[in-house]
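The values are calculated or read from the model by the stated rules, or taken from the named source; none is laboratory data. Keep in mind it's a predicted model, so treat the numbers as computed, not measured. Note that we place each Cβ from the backbone using ideal geometry, even for glycine, and neighbour counts take in every protein chain shown. Accessible surface is based on the protein model in full, side chains and every heavy atom, while ligands, DNA and RNA are left aside. Shrake-Rupley method; radii C 1.70, N 1.55, O 1.52, S 1.80 Å.
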Amino acid sequence: MTNPEPHSVPNPLTKNITADNVATPIDRYRENDGYCGLLKALELSPQAVIDSVQAAGLRGRGGAGFNTGLKWSFVPDQDKVPGPRYLVCNADEMEPGTFKDRLLMERDPHLLLEGMAIAAYAIGAERAFIFIRGEYFLATERLQRAIDEARAAGLLGKNIGGNRFSLDIYLHRSSGNYICGEETALLNALEGKRAIPRAKPPFPQVSGLWGQPTVVNNVETLCNLPHLISHGEEWYRQLGRHKDTGTKLFGVSGRVKNPGVWELPMGTPVREIIEQYAGGMLDGFRLKGFLPGGGSTDFLTPDHLDLAMDYDVIGEAGSRMGTGTITILDDHSCPLGLTLNLQQFFARESCGWCTPCRDGLPWVVEILTRLESGNGRAQDLDLLEELATGMGPGNTFCALAPGAAEPLLSALKYFREDFERHLQYGGCPFADDRRALLLPA
Amino acid sequence: MKIANTSEFLSAEEIAEIEREFEIYPTRRAAGLEALRIVQKHRGWVSDEALQALAAFLQVDTAELESLATYYQLIFRRPVGKAVVYCCNSASCWLMGSRDLQRQLQTRLQVRPGQTTDDGKITLLETPCLGDCDQAPVIMVGTAGGTYEMHRRLTTEKLEELVNDLQKVYGGSSDEP
Amino acid sequence: MAKVTITIDDREYEVDEGQNLLHACLGLKKNLPYFCWHPAMGSVGACRQCAVIEYMARDDTRGRLIISCMTPVRDGGVYSLEDERAQSFRAGIIEKMMVNHPHDCPVCEEGGECHLQDMTLMSAHTMRRYSGRKRTFNNQNLGPFINHEMNRCITCYRCVRYYQDYAGGRDLQALGRNQQVYFGRAEDGRLENGFSGNLVEVCPTGVFTDKTFSRRFVRKWDLQTAPSVCEHCGVGCNTAPGARDDGKGDPRKLRRVVNLYHRDINGYFLCDRGRFGYEYANSPERILQPLQADTQPLIQSTAAAGEKIHRPLPPQDAVAQLADIIEEARLGKRRLLGIGSTRTSLENNYALKTLVGPANFYAGVSAGTLQLLHLVNAIQQDPQIHSPSTPEIEQADAVLILGEDISNTAPRIALAVRQAAAEQQRQRARALDIPLWQDASVRQLDSPPTPIFIAAVEGTDLDGIARETVYATPDEIAELALEVVNQLPGAVTESQTEASDSLATQIARALASARKPLIVCGCGLQSPALLRAAAALAKALAANPVNSEGTASCALYLACADANSLGLTQLCSEQQHLEQLLSETAQENSLPSTLLAMEVDLFWQLPDEQAARILHGNQLIQLDSLYNHTSRFAQLLLPSAATPESEGTFVNSSGLAQRYYTVYEPSGYIQESWRWLANATAACAARAGGVEKIPALADMAQWQHVTQVSAAMAAGIPQLSPLSELGPDWNTLVAGAPVARQSHRFSGRTALQAEVAVAEQPPPRDPDAPMAFSMEGIQFAGYSPLQANIWAPGWNSDQAIHKFQNQPGGERAPAASGQSLRRATKVFEIQVTDTGVPKTPVNADLLTTLPLYRLFGSGELSRRARSIATVVGQAFVHLHPDDARALALCAGEQVCLPGSDTTFEVKITAVAPQRCIGISAGYSSPQAVVAMSPQDIRPFVENPQGNSS
């Protein structure tokens, strides 16, 4: 956590996070109003909690930005679908360039647990799972300790806070694969199957884990719930600076002076994040473009710096806010190389279920590899565009390949000249440039 | 090879841990992925024999378990070294020079990603984003003992130091005679 | 079903509501390419090949791409298949699939009937743009039936969806991920599931191909075919055998068997016995010409007493010899006794019965078997009993299997029961508005499995889908069924479940509350009491007011062993069995006796000792296709046609009479049994000076066509009257032409015999069916049900079948073959208190013998098929551990049983009823006794004389 000078804005998500790399222990968490949100929620009806979250305008922080309360409201009544409900926390943070959920889990695990308890109460779940990345060993350790603490404190387990509500939270360590972040693939992984996405409809809220109604929420989304419930939806709505509500973890990586992650109001302009919080570009580097929220979002350019980081604003600019962690493409790095790197990632992480993704992405990689090494052909750029278009939304089974198409199509759009230079140059024009650069000391 | 007796092959500790998972999952089959992870935690990797023993224990076909084991990248079906070096090569690390670090590692250890040093001590793997992009480039080192350590903001010099440390602790071939 | 109106490329159609758009398009006979979808397995949306454009409304010109198999038809929906974007997207999908495909069509067995080839052409992908390396895989040895060539894989997932989800197999899995997905086993080895052969047809390209066919491969278009009925069990699956003469005199003309769609029986799938059992027809043990016993005494023969050595005989001499015997019998100088068969046609049996006279005709089965078959026949005549079709079985919502190991005795029925296991999931899906064709979504639903209860004498392949399994003796199983009857009325009123409930109460509750309960039983365990108890239960359920949506009948499937078990039953009384024949021949008689054994191996039906006694002192004339144990004693052997070499009628276990047709002209002097008999009768008539001189046989002496035999039966036997409606007569042309057995691409017809004679011979004429042994005639399967080459322009693979169904998965048009027997309706009187279950064991010291069936090994003909023979293995006995201990036997030990020279391997299993000995059926002659003394089980001693070599 590299927060700059004290904020003028509230930072409910990160208020317990200090400079020390420790997890907030339960007593300190409780001293700081911890678990008040849960206890308040338990006094409300589940429906009232859902209404409040929906009215607060909390949108899913995993990247898709769907209204969280609305998502919950799709869980059918017991009369229509009897049996258990499940809550699943998606802690499978694996999107290239994304580094926000790990921070919350490692440093303030009780915030997540409290958020989960509120969500579970709202949807009527008595069992919840945290599906966590296998590589997040420290977060796993700290979450498990927090679960034990909360259980000992009567905040998990049977009859929480003397209420009739009971909840058990289990940690499930993922065995890898990016596709597990897709919520239905995640459910298959949790069921001990191959993580192949499922057809929607039926949505998980109707038929999820073991065919029962299930809600899957991202870590950061759930962490918003305690203060949302504590302070009410009106307070929460006013946290945002633009149309979207609440605060959000924003981050910047790449060749900036002060890469990091900060809790900022929704709608904070991109320029402010990059120039003020991340300290601007390193000396000798210019901003060529950026991925606003992870490897599956479209490139944007310096022309877009004054956009507000809001789901719809970034959407209208032709990209997605995604996870809100910005990756900077500098002028010494090859856009084609970065695109190839991303496509390699997506090709490898394809689950192998549908054709455009399974067989299209390796083909894209083959073409980009040829271009990068100077064996490209004039028609390759059109072919790339054709292949990327073929992987567009609706054409594939899930969002993985459309996510791969986003940086590819936008790179072809904004950096086409650089692609063409590879053809003319007979190789990567940035190679010498890169060789001349030294790694930062 | 057929395993005559599952419980002879799996340790009591492994069995106890797997049985704990049965309480969470509705069927033995559903705990298969967890069981693979547990066996790997104890053995470093999942051998053919372990796979068969586990399949018998879970009452599933070996092929069913193999289907899971070959799907998930963190399940190892080949032996790995005492230390596994996960070299992040995703976007942010790539931008910050992870290719050079990886090349440096390959040269120093004389292995390619997916391979283990001749002495069987150190395995090099490429990994997707480790979620530490503001500290790029990063490398994670996992050990047979189940510990993981992050190495952040790496440079050629820091990596050189890290490899030296690893070789001191775990061995591993060097490009020097 | 409600209809909706949709518009496709500016034309309006009315289609059934609720189906997906791909299904609707195929039902409208549109050419829309697809891969992962399968009519029996629904949609999963993996391949993305069936994409079309959907418009929001008529004035929407943009539209959006949708995947038709995953999109329900919408009333007023406007779609385009021909839109340029849809077409280029589909071409792009094929192009991506072909990135790694090896383009090895010339050496691929699938070539010419490959769905991938068809779809590639249909999608108009012609130019290859990918220039990288192809990924390659190593293949696995999957055993003697299936080839594996993974490089051809396009990753449509059909194989694992079929093998795992549909057929319940576990050893074939998707391995790996991304572009490296590999469909295979954990290691080399035979695919364990008994329906693995369907992978050959399910795979849209050449990953899984028929290894038995590969050995002597020809292209699909070079095969000649005709509709046939599988001869390897009583289910009556329809098949399309393919044959080709190599022109060099090789008698092995039959090349393969593939499924022939019949909605109500086999649908799209066959079992492996049915698919690979055909090789018996190519066996080197086929009798190709008449054989006569050598009269010269043999020196130093290894033959046992009575066994004969045979030498060929010209066919006219053989007919003359048979005519001599008929003549003697006619003149009262000889007794002629006929033994009919459950594995050959009604026509053959009827001819034999006509020849020897009804009083001298015997069913070639034991008394016990015949009693069971008559019981089945009587039960099925009861108005409260309903013999279910396969789709009905698949939709049963409660199932009780009583003793019959259908996975091994009626495999296709077991596959249907497996689909019933998901019925509760389907009901849950309906409640959640999930379309049933959305396969993966239905399968992921958490619901209690359909209540399936299995009572068996050993572990069965269906145990995994059973709610409860009980292992017991046949008598105990019958008692369980009766107890369920007794629990029925109470079970309806009290709905609460008690953990302490007895199994019978649980079963009673499940069956009584089901809308479509199903009882499965059969003749396998040789227990009349069990059959009666099953009938009693079904009748009690039929009387249950909640049941069966008010139809007042209950589905009861009764499995019979052979292809024509129930047919033969129609031709003989309950007394005309082999034991009766034995007592008949054992009586003093002044006349010499001749036994005319037609397509029956007495040593298969009876214990060795009894079979030998029947033969002792009697002359034997045998008609059969394969040389068998009985043949060794025959004076005269006449070569009979195998099923695909002849036309005739089988009656399946449900009482459905189906006609099968000659696929190819058999080799040598092989012909149908009835023809041998009719030929000899005609010779008799000629000698006697005209047919009018032998009035009893006059008709028979003039039979030229098998349909004349059928017509005689239809006229004379009331329940067989539907035979007259079974199919076109031999001279009834379709649209003025016969049906062509050979495709219009059939190659080398005029050159096939060139090595023998340069002159082009006219193709042989079919005397029995309006079909040509050539390419001239009706090619289009839509014109005649006799056309078994399912082909439509652009559709060279088996997927072409949808062009000849009213809709995918629907009835074949023109209607499929088959007529139910017209048996009189007759209440099957049964008292629950008097079903004949023995109340006390006969002798507590004795072990009850139980026949145990195996898909490969228990079939008389199929076990002699070349590839199947390699996997049959050794005869075995099953013992409960306690009994094994008492007998001091251990697993793997070899033992002998009385009256049999077979050695059996001891297998010890906890899932075996106690005080029983299970004996592999068909691996040796049947055991004489139903109870066996422990002293009878003797360890096998090698070289009992002790003379080591």
(request) Please determine, by comparing only the residues of segment B:38-56 that are part of a helix (DSSP H, G or I) and surrounded by 22 or more Cβ atoms within 10 Å (Cβ to Cβ), which one is nearest to the chain's Cα centre (by Cα). (result) B:Val39
(message) Among the residues that make up segment A:76-89, is at least one of them closer than 30 Å to B:Cys93 by Cβ, in contact with an Asp or Glu (Cβ under 9 Å, 6 or more places away or on another chain) and not acidic (Asp, Glu)?
(response) yes
(request) Can you give me the ranges of the helices (runs of 4 or more DSSP H) entirely in segment A:4-65 with at least 3 residues that are in contact (Cβ under 8 Å) with a residue 60 or more places away in the chain and open to solvent by 50 Å² or more (accessible area, probe 1.4 Å)? (result) A:36-43
(message) I'd like to check something: does segment C:915-937 contain any residue that is acidic (Asp, Glu), at pLDDT below 95 and surrounded by 15 or more Cβ atoms within 10 Å (Cβ to Cβ)?
(response) yes
(request) Quick one: B:Cys87 ticks every box in (1) at pLDDT 95 or above; (2) at the interface with another protein chain (Cβ under 10 Å from one of its Cβ atoms); (3) under 27 Å from B:Met150 (Cα atoms) except a single one, so which number is it? (result) (2)
(message) Of everything in segment A:326-345, what is more than 7 Å from chain B (Cβ to nearest Cβ) and either free of Cβ contacts under 8 Å to residues at least 12 places away in the same chain or of a type in the set (S, T, N, Q) (or both)? Give them in sequence order.
(response) A:Thr339, A:Gln343, A:Gln344
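One line per residue, one yes/no per condition, for (1) at pLDDT below 95; (2) away from every other protein chain (no Cβ under 14 Å):
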{"site": "A:Met1", "(1), (2)": "yes, no"}
{"site": "A:Thr14", "(1), (2)": "no, yes"}
{"site": "A:Asp20", "(1), (2)": "yes, yes"}
{"site": "A:Pro25", "(1), (2)": "no, yes"}
{"site": "A:Tyr29", "(1), (2)": "no, yes"}
{"site": "A:Ser45", "(1), (2)": "no, yes"}
{"site": "A:Ser52", "(1), (2)": "no, yes"}
(message) Cβ-Cβ under 7 Å, sequence separation 6+ or interchain: first residue in segment A:156-185 and within 11 Å of chain B (Cβ to nearest Cβ) and in contact (Cβ under 8 Å) with a residue 40 or more places away in the chain, partner among the charged types (D, E, K, R) and in a helix (DSSP H, G or I). Which pairs?
(response) A:Arg173/B:Arg37; A:Ser175/B:Arg37; A:Asn177/A:Glu349; A:Tyr178/A:Glu349; A:Ile179/A:Glu349
(request) Could you look through segment C:58-85, keep only residues that are within 11 Å of chain A (Cβ to nearest Cβ) and not β-branched (Val, Ile, Thr), and pick out the one that is surrounded by the fewest Cβ atoms within 10 Å (Cβ to Cβ)? (result) C:Arg64
(message) I'd like to know if segment C:43-50 contains one or more residues that are more than 22 Å from A:Leu387 (Cβ to Cβ) and crowded, with 24+ Cβ neighbours inside 10 Å.
(response) yes
(message) Between A:Ala117, A:Ala189, A:Ala125, A:Ala185, which is open to solvent by less than 10 Å² (accessible area, probe 1.4 Å), in the same structural domain as A:Met94 (by TED's automatic domain parsing) and part of a loop (DSSP other than H, G, I, E, B)?
(response) A:Ala125
(request) Any chance you could count how many residues in segment A:366-388 are open to solvent by 10 Å² or more (accessible area, probe 1.4 Å) and either facing chain C (nearest Cβ under 9 Å) or acidic (Asp, Glu) (or both)? (result) 10
(message) Could you check segment B:84-120 and list, in sequence order, the residues that are in a helix (DSSP H, G or I) and either open to solvent by 10 Å² or more (accessible area, probe 1.4 Å) or outside the structural domain of B:Cys133 (by TED's automatic domain parsing) (or both)?
(response) B:Trp94, B:Arg99, B:Asp100, B:Gln102, B:Arg103, B:Gln104, B:Gln106, B:Thr107, B:Arg108
(message) Quick check on A:Leu138: is it part of a strand (DSSP E or B) and either away from chain C (no Cβ under 13 Å) or open to solvent by 10 Å² or more (accessible area, probe 1.4 Å) (or both)?
(response) no
(request) Assess whether B:Gly142 counts as being within 12 Å of chain A (Cβ to nearest Cβ), small (Gly, Ala, Ser) and in contact (Cβ under 8 Å) with a residue 40 or more places away in the chain. (result) yes
(request) From (1) of a type in the set (A, V, I, L, M); (2) more than 9 Å from every other protein chain (Cβ to nearest Cβ); (3) outside any helix (DSSP H, G or I), pick out the condition that doesn't hold for B:Leu166. (result) (3)
(message) Which of the numbered conditions does C:Asn198 fail, given that it passes all the others? Conditions: (1) within 13 Å of another protein chain (Cβ to nearest Cβ); (2) in contact with a helix residue (DSSP H, G or I) (Cβ under 7 Å, 6 or more places away or on another chain).
(response) (1)
(message) Of everything in segment C:875-915, what is basic (Lys, Arg) and in contact with a helix residue (DSSP H, G or I) (Cβ under 8 Å, 6 or more places away or on another chain)? Give them in sequence order.
(response) C:Arg915
(request) Only residues that are open to solvent by 20 Å² or more (accessible area, probe 1.4 Å), in contact with a helix residue (DSSP H, G or I) (Cβ under 8 Å, 6 or more places away or on another chain) and within 14 Å of B:Leu33 (Cα to Cα): list them for segment B:62-83, please. (result) B:Thr62, B:Glu64, B:Glu66, B:Leu74, B:Phe76, B:Arg77
(message) Against the definition (within 14 Å of another protein chain (Cβ to nearest Cβ) and either over 25 Å from A:Glu349 (Cα atoms) or of a type in the set (A, V, I, L, M, F, W, C) (or both)), how does C:Ala186 come out, yes or no?
(response) yes
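This table checks each residue for (1) farther than 26 Å from C:Pro764 by Cβ; (2) touching a Leu at 6+ places or on another chain (Cβ under 9 Å).
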position	(1), (2)
C:Asp601	yes, yes
C:Ile621	yes, yes
C:Glu647	no, no
C:Gln658	no, yes
C:Tyr664	no, yes
C:Ile694	yes, no
(request) Return the residue satisfying two criteria in turn: it lies in segment A:81-110 and is closer than 20 Å to A:Asp148 by Cβ and open to solvent by 10 Å² or more (accessible area, probe 1.4 Å), and of such residues it is farthest from the other protein chains (Cβ to nearest Cβ). (result) A:Arg107
(message) Is it the case, given these coordinates, that C:Ala688 is surrounded by fewer than 18 Cβ atoms within 10 Å (Cβ to Cβ), closer than 22 Å to C:Leu623 by Cβ and at pLDDT below 95?
(response) no
(request) For segment C:39-55, state whether one or more residues are in a helix (DSSP H, G or I) and more than 14 Å from every other protein chain (Cβ to nearest Cβ). (result) no
(message) Out of the residues in segment C:118-137 meeting the condition of being surrounded by 14 or more Cβ atoms within 10 Å (Cβ to Cβ) and touching a Lys or Arg at 6+ places or on another chain (Cβ under 9 Å), tell me which one is farthest from the other protein chains (Cβ to nearest Cβ).
(response) C:Met122
